[in-house]
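> Just dropping this structure here.
Values in this text are rule-based calculations from the coordinates and carry no lab data. Because the structure is a prediction, the values reported are computed rather than measured. Cβ: placed from backbone, ideal geometry, glycine included. Neighbour counts: every protein chain shown.
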């Protein structure tokens, strides 16, 4: 029996503030791991390639965004656009913290962490450091992996738990007709 105001493991609800902190810490962790890996790659992979199973650790620099799109654009423009997109993801994560889907919030934390890492890296010298090379796909980094994984998770969780429309009550099952 549950006493009013008491929560159980099944019904535990965290406040939006706690969820925002958790998502923020997740994003910071993703960014820190990627930026550390990039620093390691720059110091250890200057003139060498390390085969590691299906990928090679190989240093590369990307002046553009995904798949080098925009590589010929001015650095300030690429940086401005990526900062604006990163800020939009941050706002979406902030607003999602009040919603019930932890999966969507985790997905946004992955995307935000990866985006922050790539923006910080690009702000230093105008390029993003890549270090994972497959031979059949453009060279990428852990931040890119977090962004793609987060985007896929966001799609899956959105399909599984669609956002209710305004004035729609999730708990009622009204019949029409």
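> Which of the peptides 38-46, 57-65 is most tightly packed, and how do the rest follow, going by the mean number of other Cβ atoms within 10 Å of each residue?
57-65, 38-46
> For segment 16-160, evaluate the Debye formula with one uniform point scatterer on each Cα (no solvent term) and list log10 I(q)/I(0) at q = 0.11, 0.16, 0.17 Å⁻¹, rounded to two decimals.
One equal scatterer on each Cα of segment 16-160 leads to -0.43, -0.85, -0.94.
> Over segment 16-160, calculate the relative contact order: mean separation of alpha carbon pairs under 8 Å at least 6 apart, over the residue count, as a percent.
RCO, segment 16-160: 34 percent.
> Let me see the pair-distance distribution of segment 19-59: every alpha carbon pair, 10 Å bin width, integer percents in order.
The distribution over segment 19-59 is 27, 36, 23, 14, 1, given as percents.
> May I ask you to list the residues of segment 24-45 whose amide nitrogen lies under 14 Å from a point 7 Å from Cα along the Cα→beta-carbon direction of residue 123?
28, 31-32, 35
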